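What follows is one structure encoded as structure tokens, with my remarks underneath.
The values are calculated or read from the model by the stated rules, or taken from the named source; none is laboratory data. Predicted model, so just to flag it, every value in this text is computed and none were measured. Reconstructed Cβ throughout: ideal geometry from the backbone, glycine too, with neighbour counts over all protein chains shown.
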Amino acid sequence: MKLIDDLWFKRRDIISDGFDESLEYISKIIPMKIHQFRTGTKCWTWEIPKKWTVIEGWIKDSNGKLLLHSKDHPLHIPTYSQGVDKIVTHDELMRHLSYNENQPNAIPYHERLIYDKAWGFCVEYSKLENFKSKEYHVYIDTKFEDGFLKVGEVLHPGKVDESIVVVAHLDHPCMVNDDLTGVAGLVELSKKLLNRQNHYTYRLFLLPETIGSIALLSQNEDFIDKIKCGIFFEMLGTKAELILQHSKQKNTIIDTISSSVFKNNLATYKELPFIGEMANDEQVWNGPGVNIPMISIGRGHYSEYHTSNDTPQIVSYSNITQSIEIVSKILEILDIEHIPERLTKEKTDEKVREQKQKKHEQMIDDYIPKRLFKGPVFLSGYGLYPNKKYNLYDNLSDDACKVRLLFNYFEGDKSISEISKILRWDFKKTLSWTDKFLEKGLIKKIEIK
Ligand SMILES: [Zn+2]
């Protein structure tokens, strides 16, 4: 696929020249509007970071021998690393190196430095034995500048303004399945929609993961009411079976239609709840203050995930095509049925709450948390990100992942004990983490009578 061959090795960091060039490239295949959001703009609890460029980076041992250079592979320099130019001890260097023992010959992709505001390098685990010196010269030349976060929107107007959105993320340098295969799928879908008379308006978005959705929605809150539902695409080209992850709202029209299309058209597939395996921008669209039912379609985790081994060689193009055929069927049915039903937003009326309170089995210290924020919480900014320094490969059963889901349930209609059941997480942990949100002033406490 030409788009993948041309774009995969670009340094497509969230706000970067590589990202902008890639968006420009795709806009020549499918015309799109490009939304721009200035760096530094406050977006709910987040702020758009500066544009980042890496000039070069390397490590030399005490004999001056070059151990690693960014020109050998761009992923040696983690996205949004700070600059550095100094002599460090072996111990200090090791604290700044990331590697993946399960893929010893691959360079891992590390994206947390943007929030840690630290410098770092990524290296193949198999090359660690070359680091024998007591001291090293570490050098990274980077630029942080003002600029614009960019979001591409492909518009297919329908009979009504009410819109269906499809989203894929274009960032992640030098990797293919996550999520250039979603981008390629979105381009294919756009071509199919062009040949149809649509009832709904279709809006296809290409953006930097998470912060792109947050910027778009926080700066266009009026737009939220126009959206009926959505689909997020990710990892469409691995060899694994297709996964349908339901919306947080469950049982909405897009959930029901997708379930039956999967069942009737695929011999094998997986059907999972919200964030059952993959976690991306659907967290923002389904999330607090937005509440748009968005399902996610992808093929889940794979061993080359977030490493330099996620190359075009491991991509199945027929699987991308198959994914888009399924999505196209879902949208066709949705468009024909155009049921006027829309999920009621912000449904936290007093009656519902009173009923909950009555049938609630009382637990000591339990209360109902009600959010005072919109959008997913910028956890790092509030010191709420559960740090797992050496594990870049989150497993959704870990506490860290529970915290990332927790704030989705602060709508004021559920007690902490109810939330702990939904998350299948220990009550005391759910309570202590909820208390941290309370201390930061992000939620208020509703007592259970
Ligand atoms: Zn990723």
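Which of the residues spanning the range 138-160 are more than 27 Å from the chain's Cα centre (by Cα) and aromatic (Phe, Trp, Tyr)? Answer for the range 138-160, where residues must be more than 27 Å from the chain's Cα centre (by Cα) and aromatic (Phe, Trp, Tyr): just Tyr139. The condition of being within 16 Å of the ligand (Cβ to nearest atom) and touching a Phe, Trp or Tyr at 6+ places or on another chain (Cβ under 7 Å) holds for only one of Tyr80, Tyr109, Tyr139, that being Tyr80. For the range 238-268, the set of residues classified as over 17 Å from Asn177 (Cα atoms), surrounded by 18 or more Cβ atoms within 10 Å (Cβ to Cβ) and hydroxyl-bearing (Ser, Thr, Tyr) consists of Ser247, Thr252, Ser258, listed by residue number. Here Phe223 meets each of (1) within 26 Å of Leu372 (Cα to Cα); (2) of a type outside the set (Val, Ile, Thr); (3) surrounded by 16 or more Cβ atoms within 10 Å (Cβ to Cβ) with one exception, condition (3). Gly441: in contact with a strand residue (DSSP E or B) (Cβ under 7 Å, 6 or more places away or on another chain) and at positive phi, yes or no? For Gly441, the condition - in contact with a strand residue (DSSP E or B) (Cβ under 7 Å, 6 or more places away or on another chain) and at positive phi - is not met.
I want to confirm something. Restricting to the range 298-321 and keeping residues that are within 16 Å of the ligand (Cβ to nearest atom) and of a type in the set (A, V, I, L, M), which single residue is nearest to Lys226 (Cα to Cα)? Checked the range 298-321; the qualifying residue nearest to Lys226 (Cα to Cα) is Val315. Residue count for the range 101-129 satisfying the condition of being under 14 Å from Leu68 (Cα atoms), free of Cβ contacts under 8 Å to residues at least 40 places away in the same chain and touching an Asp or Glu at 6+ places or on another chain (Cβ under 9 Å): 1.
Within the range 184-204, restricting attention to residues that are out of contact with any helix residue (DSSP H, G or I) (no Cβ under 7 Å at 6 or more places or on another chain) and not basic (Lys, Arg), the residue that is farthest from the ligand (Cβ to nearest atom) is Gln197.
For the list (1) touching a Leu at 6+ places or on another chain (Cβ under 9 Å); (2) under 23 Å from Phe9 (Cβ atoms), I need the number of the one condition that Leu68 fails. (1) is the only condition that Leu68 fails. For Gly276, the criteria (1) surrounded by fewer than 18 Cβ atoms within 10 Å (Cβ to Cβ); (2) touching a helix residue (DSSP H, G or I) at 6+ places or on another chain (Cβ under 9 Å); (3) not polar (S, T, N, Q) hold in every case but one, which is (2).
The rows are residues; the columns are (1) modelled with pLDDT under 95; (2) in contact with a Leu (Cβ under 8 Å, 6 or more places away or on another chain); (3) buried (at least 19 other Cβ atoms within 10 Å of the Cβ).
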| residue | (1), (2), (3) |
| --- | --- |
| Asp6 | no, no, no |
| Tyr25 | no, yes, no |
| Pro31 | no, no, no |
| His35 | no, yes, no |
| Gly40 | no, no, no |
| Cys43 | no, no, yes |
| His73 | no, no, no |
| Pro78 | no, yes, yes |
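For the residues Ser98, Ser62, the requirement of being touching a residue at least 60 places away in the same chain (Cβ under 8 Å) and within 16 Å of the ligand (Cβ to nearest atom) singles out Ser98.
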